[in-house]
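Chemist: Before I ask anything, here is the structure I am working with.
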Amino acid sequence: MRSKDKIAYFYDGDVGSVYFGPNHPMKPHRLCMTHHLVLSYELHNKMEIYRPHKAYPVELAQFHSADYVEFLHRITPDTQHMFSHELTKYNLGEDCPVFENLFEFCQIYAGGTIDAARRLNNQLCDIAINWAGGLHHAKKCEASGFCYINDLVLGILELLKHNARVLYVDIDVHHGDGVEEAFYFTDRVMTVSFHKYGDMFFPGTGDVKEIGEREGKFYAINVPLKDGIDDTSFTRLFKTIISKVVETYLPGAIVLQCGADSLAGDRLGCFNLSIDGHAECVRFVKKFNLPLLVTGGGGYTKENVARCWTVETGVLLDTELPNEIPDNEYIKYFAPECALRIPSGHIENLNSKSYLSTIKMQVLENLRSIQHAPSVQMQEVNSLMMIAKNGVPPDFYIPDFDEDQQNPDERVDRNCPFFFFFSEHTQDKQIQRDDEYYEGDNDNDHMDVG
């Protein structure tokens, strides 16, 4: 066991003021709620806090096509009517609307994940947290599923500069299709996604039979689940599979996407997980004592998202949090109980023991096909080419390592009178929208979801 983990935490209050539009389920405001809950439990005193740099277009183009990045940079709500062809081409519209400060939003959340990976690479921390990241659906040349820039792929590309193998684990209720697709033909990254599959559930991919191709065959692992899975079934399956994955693959670093839409009661989800069940997966991954990059992801009942990611921040800090939520700027969102943990749900569990056993055996059988960890020599790391799953030419690469470009993030000066977490004039202090506030089930920005 190493000594106490050093944790880096990335946050920029500007993300919380972003608004996707009326009736859209994605609420970046949840990030402000999460951050203030973290502050109210005084967890910031146990971490190093950073404001991420805004990722440059050239950094985003390490994975995404330059024309797509350029279009995101210049499109605005006022000009979008002139670009109907491009909006269709890049899949911008209802699910992925054009809104004010869209590109800056992408720069902030992607910058946080890139910075987190760089700090891990330089051994400046053991665990790096970016709850604003985890937008796993974005593709090389298009937006998808509320995601515009795939920060996870960019973070993994950074980690591959210093690690021969990176493990990606995803516990969002939706399949991590964008990350899987990016690395579908390589053994340099193993992707493992636990998600709802079937019934036309978005994005429609993630069958257990999807295992990767060419050099990547058996390095994509999918654990398709049905409605109503509970803590006991989920955590047992998760621990069995992830234990075998780490033993077989021997990753140098792990990226963990903690989408909170797998929680009970999520507006777009269909699982029965409690916060403690969800957090148990984080606790388990942490125990491997490998460099760990943790992100957010989905999550559409925003008070529960804030609860979940605060508990998981505590887990990463080995800190047990009292169930009574301390007073904070967003306390009314947690009323009337003001309790940190939520119980598991009551959706019928359609995952029979025989079904889960079959899935487990298929995954473990595929893992047995990997005789040993791929022998990638470190001198090959900077030259290995990546190929996108959709068959486009092999035109994104692991960028060269440049020590001068490391750590562009800016350390927050705790002695500064304008320290942005506590200043009376912070931009994210009490960021609230009347059109997003609701009490209990009385959500006046609620949309009917199937």
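The values are calculated or read from the model by the stated rules, or taken from the named source; none is laboratory data. These numbers were taken from a predicted model, which means no experiment stands behind them. For neighbour counting, all protein chains shown are included, and Cβ atoms are generated from backbone atoms with ideal geometry for every residue, glycine included. All accessible areas refer to the heavy atoms of the entire protein, side chains included, with ligands and DNA or RNA removed. Shrake-Rupley method; radii C 1.70, N 1.55, O 1.52, S 1.80 Å.
Chemist: What's the carbon and sulfur percent of region 201-335's accessible surface, probe 1.4 angstrom, rounded to a whole number? List each step's numbers first, then the result.
Modeler: Details: 2020 of 4110 Å².
On region 201-335, the fraction of accessible area on carbon and sulfur atoms equals 49 percent.
Chemist: Let me ask something else. What is the gain in length, in nm to one decimal, between Cys141 and Ala66 on full extension, counting 0.36 nm per residue of separation less the C-alpha to C-alpha distance? List each step's numbers first, then the result.
Modeler: Values: separation 75, 0.36 × 75 = 27.00 nm, distance 0.87 nm.
My answer for the length gained is 26.1 nm.
Chemist: I'd like the distance between the alpha-carbon centres of region 68-124 and region 256-313, rounded to an integer number of Å.
Modeler: For region 68-124 versus region 256-313, the Cα centre distance is 24 Å.
Chemist: Is the C-alpha gyration tensor of region 286-340 telling us rounded, prolate or oblate? Criteria: a/c under 1.5 is rounded; beyond that, a/b larger than b/c is prolate, otherwise oblate.
Modeler: Working: a/c = 3.20, a/b = 1.70, b/c = 1.89.
It is oblate, given that a/c is not under 1.5 and a/b is not larger than b/c.
Chemist: Can you compute the equivalent ellipsoid semi-axes for region 174-250, i.e. the square root of 5 times each eigenvalue of the Cα gyration tensor, sorted largest first and rounded to whole Å?
Modeler: Numbers: eigenvalues 87, 58, 12 Å².
Output for region 174-250: semi-axes of 21, 17, 8 Å.
Chemist: Taking the Cα-to-Cβ direction at Arg368 and at Lys287 and moving 7 Å from each Cα, how far apart do the two end points lie in nm?
Modeler: According to this spin-label approximation, the distance is 2.5 nm.
Chemist: Hey, another quick one. Please report, in whole Å, how far the alpha carbons of region 32-103 spread along each principal axis, starting with the longest.
Modeler: Here the spans come out as 49, 26, 17 Å, largest first.
Chemist: Please calculate the 1.4 Å probe accessible area of Arg236, with all protein chains present, and give it to the nearest 10 Å².
Modeler: Answer for Arg236: close to 150 Å² accessible.
Chemist: Something else now. Rounded if a/c is under 1.5, else prolate if a/b is larger than b/c, else oblate: which is region 222-333, with a ≥ b ≥ c the root eigenvalues of its Cα gyration tensor?
Modeler: Numbers: a/c = 2.10, a/b = 1.36, b/c = 1.55.
Oblate is the answer for region 222-333, as a/c is 1.5 or above yet b/c matches or exceeds a/b.
Chemist: Counting only other residues whose beta carbon sits under 13 Å from that of Lys353, what net charge do I get with K and R as +1, D and E as -1? Show your work: numbers first, answer last.
Modeler: Values: positive: Lys226, Arg236, Lys360; negative: Asp230.
Value of the local net charge: +2.
Chemist: Can you give the accessible area of Leu124 in Å² (nearest 10), computed on protein heavy atoms with a 1.4 Å probe?
Modeler: Spelled out: Leu124, probe radius 1.4 Å, area about 60 Å².
Chemist: Right, something else. Suppose a student asked you for the relative contact order of region 227-339, using Cα pairs under 8 Å spaced at least 6 residues apart; what percent would you report?
Modeler: On the way: 133 pairs, mean separation 30.2, N = 113.
Answer for region 227-339 is 27 percent.
Chemist: List the extent of the Cα atoms of region 1-59 along each of their three principal axes, largest first, rounded to whole Å.
Modeler: For region 1-59, the Cα spread along each principal axis is 47, 35, 19 Å.
Chemist: Now for a different question. Only Cα pairs under 8 Å and at least 6 apart count here; give the relative contact order of region 1-124 as a rounded whole percent.
Modeler: Details: 112 pairs, mean separation 43.4, N = 124.
Taking the mean separation of contacting Cα pairs over the length of region 1-124, I get 35 percent.
Chemist: Could you compute how much accessible surface Ile49 exposes when probed at 1.4 Å, giving the result in Å² to the nearest 10?
Modeler: Counting only protein heavy atoms, Ile49 exposes about 0 Å² to solvent.
Chemist: Okay, moving on. Taking the mean number of other Cβ atoms within 10 Å as a proxy for protection, how do you rank 216-223, 81-88, 17-24 from highest to lowest? Intermediate results must be reported in sequence, preceding the final value.
Modeler: Numbers: 216-223: 23.4, 81-88: 12.1, 17-24: 15.9.
Final packing ranking: 216-223, 17-24, 81-88.
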